[in-house]
Amino acid sequence: MLQIIFLFLPFFSSVSLAQVSPLYTKHYNYEQFVNPAITGRDRYPLVNISHKRNWIGTKNAPSTTCAGGSFRLGEFDFYTPTMMLNKTNFVSKDRMGFGGLLINEQNGPVNHFFSSVTYAYFIPLNQNRTTELSFGLSAQLKHVRVNEQLLDPVDPGDPELANLDHQPLIADGGFGVYFHTRQFHAGGSVNELFHTNSPLEDSRYTSNVLDFFFQSGYKFYLKRFDFEPSVFVARIDKDPLYHYTQLKVFYQNYNWLSVAYKSTKAIFIALGFRIGRLHLAYCYEQSISSLSNYFSGSHEIMLGLNIGLFEPEGIRKTVKRKP
């Protein structure tokens, strides 16, 4: 199954993590790229496309565009995971996940480009493979440039502001570990393994050290509703500890309501439901800090379309060629 998700955020998004990779602020949508060991966990191919626009009506307002995808090499012989005939001699053992992500963030004169490819290897711990331990690696490329035409310096011709739009690419990497059952999951990851710094960063004010992440959650299955409390914790550079606590309620597997609290003093509420192959969701985020007197919250509309298998669980019941 191929799932394509379009996200559009038409209003201001409340304050999130400052001075960090744009990926970190999207951890609840692109968790497999914060922890590469999650890549392919859901087994079916997944593609996300999102656009975020802040301060509508403001010239050169911040915006973020993301495109990412991941898939798991399923165990198949006669049919591939997309239920197409397998005309090759390749037989997968359902162990590897692959993913890729592109992010372009525009914030006034500053443009931040981020790309990542991820790989995960899964080790089944029970016979039906619902309990797995996985390890993941990510390779990242970053590029930061400044549009000099949008600068208005007090002293024109300052040499410090020359050639800001010709900066080199920066490479880095990450590592993650992840464990999950049908109900419980927990994982940890480390990013910026090589401590690479942008030429635009001043070491006197910026300390580029390892970034640490931890996530965990448990899903309670009831008759009509399922409940999944979860937590995400991050230590980025030397900034204060960031945490994101969420409670998600599912109805018939696909319809859900979630409420979350961010340590950046924001409340996040989301509602999602399914109509056939179509998935719709609405999300609202409101700052509860003193800044809420000056800025409104964010509104998000999500549209999802499933192409291929009708049910996500169908990918786990592949057809084997009979001997």
Mind listing whichever residues of segment 91-104 are more than 15 Å from the chain's Cα centre (by Cα), among the small types (Gly, Ala, Ser) and either at pLDDT 90 or above or part of a strand (DSSP E or B) (or both)? GLY97
Given the conditions (1) surrounded by fewer than 16 Cβ atoms within 10 Å (Cβ to Cβ); (2) touching a His at 6+ places or on another chain (Cβ under 8 Å); (3) at pLDDT 85 or above, which single one is not true for TYR178? (1)
Expected output for segment 131-143 (first residue on the phi > 0 side of the Ramachandran plot and charged (D, E, K, R), partner modelled with pLDDT of 95 or more and surrounded by 21 or more Cβ atoms within 10 Å (Cβ to Cβ), Cβ below 7 Å, 6+ apart or cross-chain) is none
What strands (runs of 3 or more DSSP E) completely inside segment 1-79 contain at least 2 residues that are within 11 Å of the chain's Cα centre (by Cα) and at pLDDT 70 or above? 46-53, 63-72
Checking the structure you have, find out if any residue of segment 292-301 is in a strand (DSSP E or B) and either within 19 Å of VAL47 (Cβ to Cβ) or modelled with pLDDT of 85 or more (or both). yes
Of the conditions (1) surrounded by fewer than 15 Cβ atoms within 10 Å (Cβ to Cβ); (2) more than 30 Å from VAL146 (Cβ to Cβ); (3) at pLDDT below 90, ASN107 clears all except one; give me its number. (2)
So, THR88, is that one assigned to a loop (DSSP other than H, G, I, E, B), modelled with pLDDT of 85 or more and out of contact with any Gly (no Cβ under 8 Å at 6 or more places or on another chain) or not? no
Among the strands (runs of 3 or more DSSP E) contained in segment 222-272, which hold 1 or more residues that are surrounded by 14 or more Cβ atoms within 10 Å (Cβ to Cβ) and of a type in the set (Asp, Glu)? 225-235
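The values are calculated or read from the model by the stated rules, or taken from the named source; none is laboratory data. This one's a predicted model, so the numbers in the text were calculated from it and none came from an experiment. With ideal geometry, Cβ positions are generated from the backbone for all residues, glycine too; neighbour counts draw on all protein chains shown.
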